[in-house]
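Worksheet: the structure to be examined is printed underneath.
The values are calculated or read from the model by the stated rules, or taken from the named source; none is laboratory data. Predicted model only: the values in this text are computed from it and were never measured. When we count neighbours, we look across all protein chains shown, and the Cβ atoms used for this are built from the backbone with ideal geometry, even at glycine. SASA here: full protein model, heavy atoms, side chains in, ligands and nucleic acids out. Shrake-Rupley method; radii C 1.70, N 1.55, O 1.52, S 1.80 Å.
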Amino acid sequence: MSNDDYSRRIREDRERHDRDRYERDRAERVRTERVRTERVRTERERTDRDRTDWDTTMRIRTDQLKAELDRGDRDRADRDRAARDRLDRAAVDTGRREWSPPPVSSGRQDPGKAASDKEASEGKSKSRRSKSKKSDSKSGPQAPVRGWPGPGGGQIGHLDPPTMWRATTVQACGLWPFVAGSGAPMTGVPLGQHLFTGATVCGDPISWFTRARYISNPSLFMLGMPGLGKSTLVNRMLIGLAATGVVPLVLGDLKPDYADTVRALGGQVISIGRGMGGINVLDPGAMGSAAARIGGEAGRVLAAEAHGRVLNMVAALVTIVRTRPMDDHEQSVLSAALHHLRERSEPGRPPLLPDLLKVLAEGPDRVRAVTLDRGEDTRYRMAVDPLHRSLLGILDGPLGDTFSSATSVRIDPAAPAVCVDISRIGESDTQLTAAAMLAAWSDGLGTVAAAHALSDARLAPQRWFFTVLDELWRPLRAASGIVDRIDALTRLNRSLGMGDAKITHTLKDAEALGTDADRAKARGFVERAGMVVCAGLPRAEMEELGKVVGLSRREIELVSSWSSPAGWGGRERDEPPGRGRFLVKVGGRPGIPIRVAITDTERGLHNTNTRWSEAGSAPAGGGPLSPPAMEAS
């Protein structure tokens, strides 16, 4: 066989291999899309059934209450009619008993005169009786205002008490405790009191999306100056939602603000930092375990999705080290190497990044096929060496201590709450912060996908999740990949069964991002948020926010007043005027101003001024968010 024939045969084999791989990938994508479409359809049908059951129940309860009210009206009308009949009978009897007293005699009387007086008296009595009968025939006896006096006259001495009705708070919710309410929402986590009426205000993104239907997207965006209580309010939402079965996920606690709360809820806290905790980005985590447990076609689809998440995570680490995206052919090489590793790995032992380097160094046929080396080792090395060098930079560079070993603690899918604490990473260590944040989000969202897959397979109950991303400006500036992940979350959180809360200081935080595309994506976060909560902000910032949210002049003035500091002549422990005060906006509705007063339990769980408290010089005050639980986010 000549060299040309041999080369042609090799080329034909590779082309046939490429076609087969393309057909397999296309079939895999079609199957994945079909499974996702079926999942969305099932969730929509379940939601429709729940809504129909709820409407039917409310219609039955409304009919029952209406029937009870009608029955009460009929009983009251019967009692009133009987009372009027009694009064009429008493009035007629009193008219019939009318009589004139006999004349008083003193001594003897002339018989003729007596007879004439008797006849005159009888004539007057007949005249009076005839007049009385005529008067009665015309208008009837006229009773005094309060009834007929005298024994048996029926004089009214008191008013009948009003009719008492008994009903549940669901049936008579509009009448309890007062007929005229303040209009404050009562669905969701109790947040605080209305600033003007004192009524209790309840709300959270998930309750307002699933139960009250106030918002079309279960997301919250919160803005405010530091130290006014933003993290405290979100901590309260976490506690309330956890009590209803929602799983809070804090995938990257930077200060930390939520670790103690998650511990108090019996949740899982995973600490990541230099020399503390490891993350194996090649570990499929909960998705791999769920795929093996489900099995069959659904398990294979979930395993393919887990492979895609691992590929994206390794590509994100390479992007952080290079400060630019990977090339397309490098992603093909990386995907082939990961497939080769998965086939060679022992069950229950996920591969590590050093194992990936060994595969690239060995150059198996599956990896060589996508490099188009044509049997030449030099061409293969030229294709994989840039990727090889970047992976070596991860292991031997600033990320090696954290990402070169096995995962120290996996996220528990059954935990009531999860917090990934990365506060031990220094603020100046931007590369490790970005890598840890991306890894936490990848693992956390993979856990959510695994929980939904198990629920669809009837192997686990349906669960909802609530993610928190505090200090939004830090992860946004750490790496551009995080912007894309958050942007995807804000668009797909409804289908993921996940609500979210994003917290930052001002809208201008998005202007510091590196590219115009990232800045546009970050500005879209507040536009797509179902709830927007404002703490104290300067007037200029409120004017800019009003262009997006739609704030009235009164609302701008109110929130701007909360950003003013306390007066110079105040007492030593006076608080800023805006601490614990928030304005909740939903679409074009008028904002709801609330005042948050924390409990002793919350005061012990949340204190972002711990360093100042330990030094004995923490700012103090007697307001709703007074230290030691003063928020400083």
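Quick check: anything in region 354-365 buried (at least 20 other Cβ atoms within 10 Å of the Cβ) and under 41 Å from the mean Cα position of the chain (by Cα)? Checking region 354-365: at least one residue is buried (at least 20 other Cβ atoms within 10 Å of the Cβ) and under 41 Å from the mean Cα position of the chain (by Cα). For region 418-500, the helices (runs of 4 or more DSSP H) that sit wholly inside it and include 2 or more residues that are of a type outside the set (Phe, Trp, Tyr), open to solvent by 50 Å² or more (accessible area, probe 1.4 Å) and at pLDDT below 80 are 480-492. All conditions but one from (1) open to solvent by less than 10 Å² (accessible area, probe 1.4 Å); (2) of a type outside the set (Phe, Trp, Tyr); (3) at pLDDT 85 or above; (4) farther than 27 Å from Ala298 by Cα apply to Ser408; the one that does not is (1). Just one of (1) over 19 Å from Met287 (Cβ atoms); (2) modelled with pLDDT under 85; (3) open to solvent by 10 Å² or more (accessible area, probe 1.4 Å); (4) not acidic (Asp, Glu) fails for Ser345. It is (1). Residues in region 101-108 include at least one that is at pLDDT below 80, out of contact with any helix residue (DSSP H, G or I) (no Cβ under 8 Å at 6 or more places or on another chain) and open to solvent by less than 80 Å² (accessible area, probe 1.4 Å).
Against the test of being open to solvent by less than 10 Å² (accessible area, probe 1.4 Å) and in a helix (DSSP H, G or I), the options Leu233, Leu251 yield a single qualifying residue, Leu233. Every listed requirement among (1) out of contact with any Leu (no Cβ under 8 Å at 6 or more places or on another chain); (2) surrounded by 24 or more Cβ atoms within 10 Å (Cβ to Cβ); (3) not acidic (Asp, Glu) is met by Phe209 save one, (2).
Ala172 - would you say it is of a type in the set (A, V, I, L, M), modelled with pLDDT under 90 and surrounded by fewer than 14 Cβ atoms within 10 Å (Cβ to Cβ)? Yes; evaluated as a whole, the condition is true for this residue. Against the test of being modelled with pLDDT of 90 or more and under 35 Å from the mean Cα position of the chain (by Cα), the options Gly273, Gly267 yield a single qualifying residue, Gly267. Of all residues in region 204-228, those that are part of a loop (DSSP other than H, G, I, E, B) have Cβ atoms under 8 Å from Cβ atoms of residues that are among the basic types (Lys, Arg), 6 or more apart or on another chain, in Asn217/Arg494; Asn217/Arg528; Pro218/Arg494; Gly224/Lys230; Gly227/Arg579; Leu228/Arg579; Leu228/Arg581. Of all residues in region 370-398, those that are touching a residue at least 60 places away in the same chain (Cβ under 8 Å) and closer than 23 Å to Asp20 by Cα have Cβ atoms under 9 Å from Cβ atoms of residues that are polar (S, T, N, Q) and open to solvent by less than 70 Å² (accessible area, probe 1.4 Å), 6 or more apart or on another chain, in Arg374/Ser7; Gly375/Ser7.
Rundown of residues vs (1) more than 30 Å from Gly299 (Cβ to Cβ); (2) at pLDDT 85 or above; (3) surrounded by fewer than 11 Cβ atoms within 10 Å (Cβ to Cβ), yes/no style:
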position: Arg34; (1), (2), (3): no, yes, no
position: Thr37; (1), (2), (3): no, yes, yes
position: Arg46; (1), (2), (3): no, yes, no
position: Asp78; (1), (2), (3): yes, yes, yes
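Conditions tested, residue by residue: (1) open to solvent by less than 20 Å² (accessible area, probe 1.4 Å); (2) polar (S, T, N, Q); (3) within 30 Å of Pro398 (Cβ to Cβ).
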| position | (1), (2), (3) |
| --- | --- |
| Ala291 | yes, no, no |
| Ala298 | no, no, no |
| Leu302 | yes, no, no |
| Gly308 | no, no, yes |
| Val314 | yes, no, yes |
| Val318 | yes, no, yes |
| Val321 | no, no, yes |
| Asp327 | no, no, yes |
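If you go through region 255-271 and keep only what is in contact with a helix residue (DSSP H, G or I) (Cβ under 6 Å, 6 or more places away or on another chain) and open to solvent by 10 Å² or more (accessible area, probe 1.4 Å), you end up with Asp260, Ala264, Leu265, Val269.
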